[in-house]
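The values are calculated or read from the model by the stated rules, or taken from the named source; none is laboratory data. These figures come from a predicted structure and were not determined experimentally. Note that we place each Cβ from the backbone using ideal geometry, even for glycine, and neighbour counts take in every protein chain shown. Just the protein is used for accessible areas: all its heavy atoms, side chains included, with ligands, DNA and RNA removed. Shrake-Rupley method; radii C 1.70, N 1.55, O 1.52, S 1.80 Å.
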Amino acid sequence: MTRIDFYSTDQSRLEIACKLAAKAISQEVPVTIFAPDEAVARGVDKMLWTYQATGFVPHCFSSDPLSAQTPVIIAPELDNSGQDQLLLNLADTFPTAFGRYRRLIEIVSTLDSNQESARMRWRHYKERGYQINHVNLTKSPAK
């Protein structure tokens with residue numbers, strides 16, 4: 001059964017997706033970033049090129065001929081992805097093919113307006129019997 005984690009943050013969803021993708025590939029775990037919205041897909045693509053000053057996260061779109069050899073795939077749909085390890089969801093809906101992945105990470109940011117849709121996705125998974133883990137990445141206020 002797919003492991004489902006909800007990461008809540010006060011940072012950008014794209015920034016967290018980049019950090020999680022970089023961490024995953026450092027552990028040799030291939031990543032699919034589900035981004036059916038073209039603006040989101042282009043945004044995460046751009047950020048993966050620029051967010052680390054001294055590093056590089058090898059990535060491409062699922063339509064690229066090199067996608068089978070690339071550790072991070074940005075996919076507008078999940079039919080084309082060959083890997084089944086880690087799925088990062090940047091959509092406001094649940095990915096219909098999430099069950100073929102070993103792990104799904106939902107990123108919920110207080111900066112975005114997707115909190116209600118995140119609640120709906122949580123309920124969707126819970127009603128289907130998935131155990132959901134919550135990871136709080138919100139930065140603690142300075143004391």
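The label-point distance for Phe56 and Glu28, in a model that sets each label 7 Å from Cα toward Cβ, rounds to 2.1 nm. Solvent-accessible surface of the chain, taken per residue with a 1.4 Å probe and all protein chains present: 56 Å². Based on C-alpha pairs under 8 angstrom that are at least 6 apart in sequence, segment 1-102 has a relative contact order of 34 percent.
Please say if segment 1-67 is rounded, prolate or oblate, where rounded means a/c under 1.5 for a ≥ b ≥ c the square roots of the C-alpha gyration tensor eigenvalues, and otherwise the choice is prolate for a/b larger than b/c and oblate otherwise? Don't skip to the answer; put the middle values down first.
Working: a/c = 1.18, a/b = 1.11, b/c = 1.06.
Since a/c stays below 1.5, the shape of segment 1-67 is classed as rounded.
Across segment 38-135, the convex hull enclosing all Cα atoms gives 121 Å³ per residue. Computed about the Cα centre, the dipole magnitude for the chain is approximately 560 debye when only Lys and Arg (+1) and Asp and Glu (-1) carry charge, each at its Cβ.
Among Ile73, Gln11, Gly43, which residue has its Cα positioned farthest towards the positive end of the charge dipole of the chain, with +1 placed on the Cβ of Lys and Arg, -1 on the Cβ of Asp and Glu, and the dipole taken about the Cα centre? Farthest towards the positive end: Gln11. The charge dipole of segment 70-143, taken about its Cα centre with unit charges on the Cβ atoms of Lys, Arg (+1), Asp and Glu (-1) only, comes to about 420 debye. With the helix formula -39500 (n - 2.57) applied to DSSP H stretches of n ≥ 4, the chain reaches a computed 222 nm mean residue ellipticity of -9000 deg cm²/dmol.
Which of the listed residues, Ser26, Ser109, Gly99, is farthest toward the dipole's positive end in segment 26-112, when Lys, Arg count +1 and Asp, Glu count -1 at the beta-carbon? The one lying farthest along the dipole's positive direction is Ser26. Dipole size of segment 1-73 about its Cα centre, with +1 on Lys/Arg Cβ and -1 on Asp/Glu Cβ: approximately 120 debye, rounded to the nearest 20. Amide H to amide H, with H built 1.01 Å from N, Arg3 comes under 5 Å of Arg103, Leu104, counting only residues 5 or more places away or on other chains.
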